[in-house]
Amino acid sequence: MTELKDIVEQIQQRNLDKALELCESTQNNKNKHIILNFIGVIHLLKNNLDLAETNFLSSSKIDEKFEEPIKNLYSICLKD
């Protein structure tokens, strides 16, 4: 869990490239939906809306009960 907290901290501090690195090194089958959501958030902050959307949708498909990627998809709609 500390790895996920580290990613959140990096995102909050806008160290987006470092956060992306941590996502890639931390991802596994148990946390893949969370990591994909984080990657989506990173791309959303970088204004890469297509990549953000792709990652949010992938996260949502892995765990349909995980609400965060759906909320984040809504953020993309608000940006348009």
Give all pairs with beta carbons closer than 8 Å in which a residue from segment 45-66 that is on the phi < 0 side of the Ramachandran plot and of a type in the set (S, T, N, Q) meets a residue that is outside any helix (DSSP H, G or I) and modelled with pLDDT of 95 or more; count only pairs at least 6 apart in sequence or on separate chains.
Ser59/Phe66; Ser60/Phe66
Suppose we filter Ile39, Ile70 for residues that are modelled with pLDDT of 95 or more, surrounded by 20 or more Cβ atoms within 10 Å (Cβ to Cβ) and assigned to a helix (DSSP H, G or I); which single one remains?
Ile39
Output the number of the condition that Glu3 fails; it satisfies all remaining conditions of (1) outside any helix (DSSP H, G or I); (2) modelled with pLDDT under 95.
(1)
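The values are calculated or read from the model by the stated rules, or taken from the named source; none is laboratory data. Predicted model, so just to flag it, every value in this text is computed and none were measured. Neighbour counts run over all protein chains shown; Cβ positions are idealised from the backbone, glycine included.
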